[in-house]
Amino acid sequence: MPSIQLDASGKPRYTNRLIHAASPYLLQHAHNPVDWYEWGPEALALARREDKPILVSIGYAACHWCHVMAHESFEDAATAALQNEYFVNIKVDREERPDLDSIYMTAVQAMTGQGGWPLNVFCLPDGTPFYGGTYFPPDARAARYRMPSWKQVLQRVAEAFHTRRSELVSSGNELVEHITRLTRVGAGDGAPLPDGAALLHNAVALVGRQFDWQEGGFGGAPRFPQPNLLEALLRAHLRGVPEALPMLELTLHKMARGGIYDQLGGGFHRYSVDARWLVPHFEKMLYDNALLARLYLETFQLTGMPFYRQIAVETLDYMARELHHPQGGFYSTQDADSLPFPDAAHAEEGAFYVWSPDEVREHLGEDAALFCQLYDVSRTGNFEGKNILNLPREIAEVARVTGASPERLEQVASRGRAQLFAARERRPRPFRDEKIITAWNGMALRAFAAASLPLGSDRYLAIARSCAHFLLAHLRRPDGRLLRSWKDGRTGPPAFLEDYALLIDGLLALHAADGDPAWLRESLALADAMIDLFWDERIAGFYDTARDHEALVARPRDAGDNATPSGNSVAAEVLLRLDALSGRERYRQCAEAVLAGQATMLARFPAGFGRMLCAADLAATPITELAIVGAPDAADTRALLQVALASYRPHMVVARMPPGDTLAAGLTPLLAQREAIGGAATAYVCARFACNLPVQTPEALAAQLPA
């Protein structure tokens, strides 16, 4: 985290306007000498009034290099003086404002060919970008990076603004035109609905060229988990693509045995800097863990292998333990940096997670030598002289080398993990961004709801319910409009497309898991609002911002799936599911238009469209509609659900109703005039609302469901 400079009395030497922000990331910069503003009318009006260029600096609370640049430059009085003299300085939390991040990231990528955070963009007084980059070093380190220092950049940009304004205006206008063109790629081009099966075969062939058959994953370092693309491999396996499952399983095994996975506490770090999944950037993000927990769960459902179940459980338990708000929502991130010991002066990256052999020996005693063999702990270390726990060798190989039995090694590993975890809990903890984001909570909601029945966990179902209640109570205005974020009772901006789509996604999973018709009702209402606010007939697609959102230099629209799935991808998928549940043809029309518009991109660049490939697969597959009428917690109802939900069935939707419930019957034709025959739980397997004979035993239901 950035540090705070104190005066002689022990009070902060500097305090700027960010002291009134709700965002933890903005609050980290509230005591910089830079005269920061939040994005808003005040800062923009000041830039126009004083005819000053704007510096938009974008980051997030768990970003290591954001902290580095803050400490080196934004906390430096001389550097701050330059910024304050020549610029209107605006700090943006990218997690609160993905719209601004999307626009200015696209601009920097167009200018430099790359992007990342911190993102620093220089704009004309109206917000038009004309120059930018990511991390810039201070004077003393500029030569090492072969790039200009931050002070040099500030001086050169200020000079150019006053001496070459027309050039900046021209280049800025070209950038905005470029951004606008990108938002219209695939929009309303009249293409036919793509063949989902053919797209998946093609996707595996193309991404297979970049697949690492030794370590798993795609491309070289740095290496990201890419759960959206890996989910598409699951779908491709169901389509009979032979390479898909081996690619998926190798990647899942290597990730879960690597340093990117927290071997003591569960959960995944954001990415590894190497190609072996060993050395991560140590921040942990809610979205990564929600998506990966569900991916490991679904792979367990497909294969039945206990290893995948274990990683899913450990990841869900990590989220419940470390990221769960007492009232039900989920926090956003945990930082990469922490203090190496309680009275240390500065935080260090990864300090919370790394170990020395002496520390292991102190806590494990006679088990230490075997534990170090298992978890790659050595005197030389594998990270800056310390050790990131990972499992480079199988237990059988370690048993052969050490002479210890596999059973003994399993005991050492289990006991050692528990003891080191307890010791680690006494260390200074990484900073946690306790902002609650609707879209990311939608992912967590789906993960816990989907896991509850296959893993036999009423606790996970309770967590999912509390999350849904929290979101609908605290992240929705009285008029029904969703909000993007919440922290300590203060809400952020209006929600974006991804917030609506991912919350619907989670609520549908929760309805299937607990049978409450209210979740289906909320899903339908949110879908109608999503179409009203974000759909645009002129492009036959969704924008990321609502029609009444503040005017920016461009209206962002992103269909590609990155670390998180795009709003367009999830919107297409949930609308297809809701069409199958409700019969509202408008939902399918919108979904198919999105998919048709992106058909060319899906075929040419499948690695960037993993979740949309899943939506295209769903659009091309007859959806199984399952209606279950029965008391939600009754044993016979749960037995039917176990058959339906324990296996991986991505092409099935579930509608549930307690006997005699009038609300549910009015929400979907699947439940109209359905009953629990003879008072016992009854299942109806349908396609386009035409149903088979009702069944009441797990065996009979299994016979009617697709394999």
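The values are calculated or read from the model by the stated rules, or taken from the named source; none is laboratory data. On a predicted model such as this, the values are computed, not experimentally measured, just so you know. Reconstructed Cβ throughout: ideal geometry from the backbone, glycine too, with neighbour counts over all protein chains shown.
Brief remarks on what is shown
- Options ASP317, ASP358: the member that is over 24 Å from the mean Cα position of the chain (by Cα) and either β-branched (Val, Ile, Thr) or assigned to a helix (DSSP H, G or I) (or both): ASP358
- Filtered by the rule that a residue be under 19 Å from the mean Cα position of the chain (by Cα), of a type in the set (A, V, I, L, M) and either part of a helix (DSSP H, G or I) or under 13 Å from VAL313 (Cα atoms) (or both), segment 434-470 gives ALA439, MET443, ALA444, LEU445, ALA447, ALA449, ALA450, ALA451, ILE463, ALA464, ALA468.
- One residue stands out among those in segment 403-414 that are in contact with a helix residue (DSSP H, G or I) (Cβ under 7 Å, 6 or more places away or on another chain) and assigned to a loop (DSSP other than H, G, I, E, B): the one that is farthest from VAL377 (Cα to Cα), which is SER405.
- Count of segment 663-691 residues, restricted to those that are without any contact (Cβ under 8 Å) to a residue 40 or more places away in the chain and more than 13 Å from LEU640 (Cβ to Cβ), is 7.
- The requirement of being crowded, with 20+ Cβ neighbours inside 10 Å, of a type in the set (Phe, Trp, Tyr), under 21 Å from LEU46 (Cα atoms) and touching a Gly at 6+ places or on another chain (Cβ under 9 Å) is satisfied by PHE130.
- Residue check, ARG538 part of a loop (DSSP other than H, G, I, E, B), without any contact (Cβ under 8 Å) to a residue 40 or more places away in the chain and over 23 Å from the mean Cα position of the chain (by Cα): no
- Criterion violated by LYS91 - all others in (1) modelled with pLDDT of 95 or more; (2) within 18 Å of TYR543 (Cα to Cα) satisfied: (2)
- Within segment 50-97, the set of residues being within 33 Å of the chain's Cα centre (by Cα) and among the hydroxyl-bearing types (Ser, Thr, Tyr) comprises SER57, TYR60, SER73.
- ALA160 vs. criteria over 20 Å from ALA559 (Cβ atoms), in a helix (DSSP H, G or I) and among the small types (Gly, Ala, Ser): yes
- Contact map, segment 310-329: first residue within 10 Å of ASN289 (Cβ to Cβ), second residue surrounded by fewer than 20 Cβ atoms within 10 Å (Cβ to Cβ) and aliphatic (A, V, I, L, M), Cβ cut-off under 9 Å, separation 6 or more or different chains; pairs are LEU316/LEU455.
- The set of residues from segment 257-303 being more than 20 Å from GLU394 (Cβ to Cβ), of a type in the set (Lys, Arg) and in a loop (DSSP other than H, G, I, E, B) comprises just one member, ARG270.
- Selected residue [small (Gly, Ala, Ser), surrounded by 18 or more Cβ atoms within 10 Å (Cβ to Cβ) and in a helix (DSSP H, G or I)] from ALA546, ALA571, ALA473, ALA525: ALA571
- Only listed residue being outside any loop (DSSP other than H, G, I, E, B), under 22 Å from LEU252 (Cβ atoms) and basic (Lys, Arg), chosen from ARG400, ARG417: ARG417
Quick grid of which residues meet (1) closer than 29 Å to TRP117 by Cα; (2) touching a residue at least 60 places away in the same chain (Cβ under 8 Å); (3) not assigned by TED's automatic domain parsing to the domain that holds LEU409:
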| residue | (1), (2), (3) |
| --- | --- |
| GLU283 | yes, yes, yes |
| LEU295 | yes, yes, yes |
| GLY304 | no, no, yes |
| TYR331 | yes, yes, yes |
| ASP335 | yes, yes, yes |
| SER338 | yes, yes, yes |
| PHE341 | yes, yes, yes |
| PHE383 | yes, yes, no |
| ASN387 | yes, no, no |
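- Any pair with Cβ under 9 angstrom, 6 or more apart, that starts in segment 108-136 at a residue that is within 16 Å of ARG94 (Cβ to Cβ) and ends at one that is charged (D, E, K, R) and in a helix (DSSP H, G or I): TRP117/ASP101; LEU119/ASP101
- Odd one out for VAL643, checked against (1) within 16 Å of LEU581 (Cβ to Cβ); (2) of a type in the set (Val, Ile, Thr); (3) over 27 Å from the mean Cα position of the chain (by Cα): (1)
- Some residue of segment 136-156 being outside any loop (DSSP other than H, G, I, E, B), closer than 15 Å to TYR104 by Cβ and modelled with pLDDT under 95: no
- Residue match in segment 652-662 (condition: assigned to a loop (DSSP other than H, G, I, E, B), touching a residue at least 60 places away in the same chain (Cβ under 8 Å) and out of contact with any Lys or Arg (no Cβ under 9 Å at 6 or more places or on another chain)): yes
- Of the residues making up segment 663-707, those that are in a helix (DSSP H, G or I) and either over 17 Å from LEU520 (Cβ atoms) or in contact with a His (Cβ under 6 Å, 6 or more places away or on another chain) (or both) are ILE677, GLY678, GLY679, PRO698, GLU699, ALA700, LEU701, ALA702, ALA703, GLN704.
- Residue count for segment 58-82, restricted to those that are in a loop (DSSP other than H, G, I, E, B) and within 27 Å of ILE437 (Cα to Cα): 4
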